[in-house]
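Novice: A single structure is presented below for examination.
The values are calculated or read from the model by the stated rules, or taken from the named source; none is laboratory data. Being a predicted model, the structure only gives us computed values, none of them experimental. Every residue, glycine among them, receives a Cβ derived from its backbone with ideal geometry; neighbour counts consider all protein chains shown.
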Amino acid sequence: MLSRVFGVTGRILGGIGLHFVSPVVAGLVAAGLVLAYGPFLRLPPVHRLVLRRRAARMRTGAEVSGPAGTMKVRRARLEITGPGLHVRRPIGHEPGQADLLLLYRHEDLRGLFVLDTEGTPLVHLPGPWPPDAVHRFAERHVLGYESRTLTRAEYLRLTALARDATR
């Protein structure tokens, strides 16, 4: 089988003027090219599979995605990744630990704050988040959940105190 591949590759390279390349070297080069560029040939089905799995994980509350990034839990830590942000916070009922997910609306702004037990914002994730998915995520990982409209003073206080935020 390999000798057939090496021979065909050598004939192809010889046909384009590369007679000095041995069939074995040509076969190795071809094999390397297939390994390097092969994953790109089947990218759409893989991409569909990734999207399908992500949707299933969101339906079960394993993770939740919004415009500012993705939230999931690993080893009792809330992990938030987004553009320019990678935050890991322990989940618990101590100051500095993630305890409550606050889905907010202020005028025409929407977003999500991760608060600790004292109400101090740990992370601010602006943008529209799916309320049902955030609620399932909070229930699954034993986090508090609240959805409400903030006053201007509350919004300014929370955004000013947030330690981490996406752009």
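Novice: Quick one: in the range 66-95, of everything that is among the hydrophobic types (A, V, I, L, M, F, W, C) and closer than 14 Å to residue 137 by Cβ, which residue is surrounded by the most Cβ atoms within 10 Å (Cβ to Cβ)?
Specialist: 71
Novice: Checking residue 161 against (1) surrounded by 14 or more Cβ atoms within 10 Å (Cβ to Cβ); (2) under 18 Å from residue 77 (Cβ atoms), which single condition isn't satisfied?
Specialist: (2)
Novice: Is it the case that the range 96-106 has a residue that's at pLDDT 90 or above, surrounded by fewer than 16 Cβ atoms within 10 Å (Cβ to Cβ), of a type in the set (Asp, Glu) and over 14 Å from residue 164 (Cα atoms)?
Specialist: Looking through the range 96-106, none of the residues is at pLDDT 90 or above, surrounded by fewer than 16 Cβ atoms within 10 Å (Cβ to Cβ), of a type in the set (Asp, Glu) and over 14 Å from residue 164 (Cα atoms).
Novice: Hey, another quick one. In the range 105-119, is there at least one residue being under 21 Å from the mean Cα position of the chain (by Cα) and either part of a loop (DSSP other than H, G, I, E, B) or of a type in the set (Ser, Thr, Tyr) (or both)?
Specialist: No - not one qualifying residue is present in the range 105-119.
To keep it simple, each residue is scored yes or no on (1) aliphatic (A, V, I, L, M); (2) modelled with pLDDT of 65 or more.
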site	(1), (2)
27	no, yes
32	no, yes
35	yes, yes
44	no, yes
51	yes, yes
60	no, no
66	no, yes
69	no, yes
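Novice: Something else about it: If we scan the range 128-138, do we find a residue that is in contact with a His (Cβ under 8 Å, 6 or more places away or on another chain) and either loosely packed, with under 14 Cβ neighbours inside 10 Å or in a loop (DSSP other than H, G, I, E, B) (or both)?
Specialist: No, the range 128-138 contains no residue that is in contact with a His (Cβ under 8 Å, 6 or more places away or on another chain) and either loosely packed, with under 14 Cβ neighbours inside 10 Å or in a loop (DSSP other than H, G, I, E, B) (or both).
Novice: When residues of the range 147-162 are filtered for being under 27 Å from the mean Cα position of the chain (by Cα) and within 15 Å of residue 120 (Cα to Cα), how many remain?
Specialist: Looking only at that region, the number is 6.
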